[in-house]
Amino acid sequence: AQRVTQPEKLLSVFKGAPVELKCNYSYSGSPELFWYVQYSRQRLQLLLRHISRESIKGFTADLNKGETSFHLKKPFAQEEDSAMYYCALRDTGFQKLVFGTGTRLLVSP
Amino acid sequence: EAGVTQFPSHSVIEKGQTVTLRCDPISGHDNLYWYRRVMGKEIKFLLHFVKESKQDESGMPNNRFLAERTGGTYSTLKVQPAELEDSGVYFCASSQSSGRGYEQYFGPGTRLTVT
């Protein structure tokens, strides 16, 4: 069965510190992984996807199939990064997204 | 271009009552998805429409939930009768295609509280 695990409910860092939000998955096929973000009072939006291999707002995430991980990283956190972050896996058979429980990132000045 | 819209934004009903949630996808998006987040838990898939057809309804919790998408445009999700455990945030998302690489765009959600 597909499963996405985000072990941290809350990650609190100071501005300028490095950030790593952990995501591990279990999936039998070839996964498509995403990071979604929900800022306060805004809707859930796509941050980045592994197939694009891009950096958005300074965030990057590398798919590690050996460790079944897709950790989200940013070298220097900003206060505006404070939000709820969800790791998600797309079921390529049925197209639905399978989400983790989310990690709240709090960046303090 | 307007994004995915959902109505109402909040709904408070008593156990046993009926509630209907509505989702208007982005114009031209054939794929429409319903998800929900129950307090403290992950966002879970409910079902997927392609135009007016149910492509995958494996996430529907029980027969108290009925989703429709007549005409392949907006969709409704009816809960009848509502139970306490149905409380949560119901999200709708739409995408142009269901293929690899196509983004699902989410609506703001409807917060349902069953008392």
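Within region A:1-26, the residues that satisfy the criterion of being surrounded by fewer than 19 Cβ atoms within 10 Å (Cβ to Cβ) and either touching a helix residue (DSSP H, G or I) at 6+ places or on another chain (Cβ under 8 Å) or not in a strand (DSSP E or B) (or both) are A:ALA1, A:GLN2, A:PRO7, A:GLU8, A:LYS9, A:LYS15, A:GLY16, A:ALA17, A:PRO18, A:LYS22. Residues in region B:101-115 that are within 7 Å of another protein chain (Cβ to nearest Cβ) and open to solvent by 10 Å² or more (accessible area, probe 1.4 Å): B:GLY101, B:GLU103, B:PRO108. Condition first: closer than 11 Å to B:TYR33 by Cα, assigned to a strand (DSSP E or B), within 9 Å of chain A (Cβ to nearest Cβ) and open to solvent by 30 Å² or more (accessible area, probe 1.4 Å). Can you find one or more residues in region B:81-97 that meet it? The answer is no; no qualifying residue exists. The set of residues in region B:60-72 being modelled with pLDDT under 95 and open to solvent by less than 90 Å² (accessible area, probe 1.4 Å) consists of B:PRO61, B:ASN62, B:GLY71, B:GLY72. Scanning region A:61-90 for residues being polar (S, T, N, Q), open to solvent by 50 Å² or more (accessible area, probe 1.4 Å) and at pLDDT 95 or above gives a total of 1.
Tell me the strands (runs of 3 or more DSSP E) entirely within region A:35-109 that contain at least 1 residues that are farther than 21 Å from A:TYR25 by Cα. Per the criteria, A:83-90, A:103-108.
The values are calculated or read from the model by the stated rules, or taken from the named source; none is laboratory data. Since the model is a prediction, treat every value here as computed from it, not as a measurement. Glycine gets a Cβ as well: all are built from the backbone with ideal geometry, and neighbour counts include every protein chain shown. Accessible surface is based on the protein model in full, side chains and every heavy atom, while ligands, DNA and RNA are left aside. Shrake-Rupley method; radii C 1.70, N 1.55, O 1.52, S 1.80 Å.
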